[in-house]
1. Between K65 and A272, what length in nm is gained on full extension when 0.36 nm per residue of separation is reduced by their alpha carbon distance?
2. Provide the net charge surrounding C216, with neighbours chosen by a C-beta distance below 15 Å and charges set as Lys +1, Arg +1, Asp -1, Glu -1.
3. Based on DSSP loop calls and a cut-off of at most 13 other Cβ atoms within 10 Å, the longest stretch of the chain free of exposed chymotrypsin sites (Phe, Trp or Tyr not before Pro) is what?
4. Once every DSSP H run of n ≥ 4 in the chain is given -39500 (n - 2.57) and the sum is divided by its residues, what mean residue ellipticity at 222 nm do you get, rounded to the nearest 500 deg cm²/dmol?
5. Applying 1/(1 + (r/R0)^6) with R0 = 45 Å to the Cβ-Cβ distance of S204 and F52, what FRET efficiency is obtained, to the nearest 0.05?
6. With springs connecting C-alpha atoms under 10 Å apart, model the chain as a Gaussian network and identify which of L82, L11, L116 has the largest mean-square fluctuation.
7. Under the rule a/c < 1.5 gives rounded, and otherwise a/b versus b/c splits prolate from oblate, where does the stretch 9-134 land using the Cα gyration tensor?
8. Under 5 Å between amide hydrogens, which residues at least 5 positions from L116 or on another chain qualify, with H placed 1.01 Å from N in the peptide plane?
Amino acid sequence: MSNKVVGSILLSVAASIWGGTFVAVKMVVGVIHPIQLVWLRYLVALIFLVGFSLIKREKWHIQKKDLKWFFLCGLTGYAISLVAQETGTWFSSAQTGAVVTSSTPAFMVIFAWLILKEKLDRVKIISLIMATLGVVMIVGVHLSGKHIILGVFFLIITALTWSFMSVLIKLLPNYTALQITIISTVVAMICLTPFVMGDIAALSNVNFLNPKIIACLFYVGAVSTAAAFVMWNKGLTMVSPSISGLIYLLQPIVGTLLGWLILGENLTWGFALGTGLILASVWVSIRFAK
């Protein structure tokens, strides 16, 4: 298979996993503060990531000139983006979280144009329009709640920072996806640790033996971070930002379905049509992209 196909598969699996993350976060974010939840998520992820790196016996050769890009990736995409995502989901709903962050493709195209000098062609514009219509069909008019505006604000910050990070990774071609994930995760943990330590007493009140908390931490740490981040970072090196941004839209499809199945959130009549438009936009982008 071509790199574009393999990369698209990796990105699709990662995006689908993240669709379930909104549900997992919604189940525990009322018990564990968003910043502390992200920190715990990365702690669990690092255990698996470092262990896998040792098994693979990866050779590390970090160049000083690349440290600034690692720092920006860790700060924006791993620290700010994840805290904003979980805070936004806390103030809104799993469906809203999955859908609002679907603005990611548009931001990725803009950042790719600004940073990588990628051209905006007709295929990208048509694909974005189709994807946007699909998202609107899925979400309908069910954005409600006392803190919905605040939730949407944080979720937009999530989309902006994640898009920025996803484009920056293109500037690190000499590192494996696993290495990029480990270094960015360490940077994020360093940035978040002072905030977590400032309220460490809150963690002492959490029952970490609760099966629900164990399952959620395993999912968001080992599956959604360790596995999915590596797949996403690898896929980004094989596929253009415009295509990867559209594939990211599998999140609202999976997130909406799981929100309906597990949390009892409403499923709109336009879900099927919106899903079809999103999938079609990805196909158009992959099939006709230059």
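1. Roughly 69.8 nm would be gained on extension.
2. +2
3. Here the longest segment lacking exposed loop sites spans 61-207.
4. Theoretical 222 nm ellipticity from helices: -22500 deg cm²/dmol.
5. Calculated transfer efficiency: 0.90.
6. L116
7. Oblate, since a/c reaches 1.5 and b/c is not below a/b.
8. Long-range HN contacts for L116: none found.
Each value in this text was obtained by applying a stated rule to the coordinates, not by laboratory testing. This is a predicted model, so every value here is computed, not measured. Cβ sites come from the backbone with ideal geometry, for glycine too, and all protein chains shown count toward neighbours.
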